[in-house]
Amino acid sequence: MSCLVGMVQVELLEDTRAQVVRLETGQACTVERAALPSEAREGDVVVDGRREPEATALRVLEMARKRARLAVPVPPGLEL
């Protein structure tokens, strides 16, 4: 099965290759950068070869919420 079938997130863009992660399985794979939409950037969600700005925005929001839940508050007077 091709890595670009279904919903993937672009993790890393290089000159000729890109690393993407299949969001359904978490599987990472390397693809030719030319196989992605020309406007795709790191962090973008691509669905069946099309950049999906709404899905990207939802993913960013979801990750921000997860990070906020995992954040440990710093007690008053404690310097890190």
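The values are calculated or read from the model by the stated rules, or taken from the named source; none is laboratory data. All values reported here derive from a predicted model rather than from experimental measurement. Glycine gets a Cβ as well: all are built from the backbone with ideal geometry, and neighbour counts include every protein chain shown. Quick note on the areas: whole protein, heavy atoms, side chains included, nothing else; ligands and nucleic acids left out. Shrake-Rupley method; radii C 1.70, N 1.55, O 1.52, S 1.80 Å.
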*Take ASP15, ASP48 and sort them by solvent-accessible surface of the protein heavy atoms, 1.4 Å probe, largest at the top.*
ASP15, ASP48
*asked:* Students often get this wrong, so try it: which of (1) 16.0, 54; (2) 12.1, 36; (3) 11.5, 37 is Rg and Dmax of the Cα atoms in Å as calculated from the structure shown?
replied: (1)
*Of the GluC sites (Glu not before Pro) in segment 30-68, which ones lie in a loop per DSSP and count no more than 16 other C-beta atoms within 10 Å?*
GLU39, GLU42
*If you average the sequence gap of Cα pairs under 8 Å that are 6 or more apart and divide by the length of the chain, what percent do you get for the contact order?*
24
*ALA35 to VAL47: extension gain in nm, 0.36 nm per residue of separation minus the Cα-Cα distance?*
3.1 nm
*Gap separating the Cα centres of segment 40-70 and segment 1-23, nearest whole Å*: 13
*Just the accessible area per residue of segment 5-80, please: how many Å² with a 1.4 Å probe?*
72
*DSSP loop (so not H, G, I, E, B), at most 12 other Cβ within 10 Å: list which trypsin sites (Lys or Arg not before Pro) in the chain pass both filters.*
ARG41
*How far, in degrees from 0 to 90, does helix 53-70 lean away from the longest principal axis of the Cα atoms of the chain, to the nearest 10?*
30
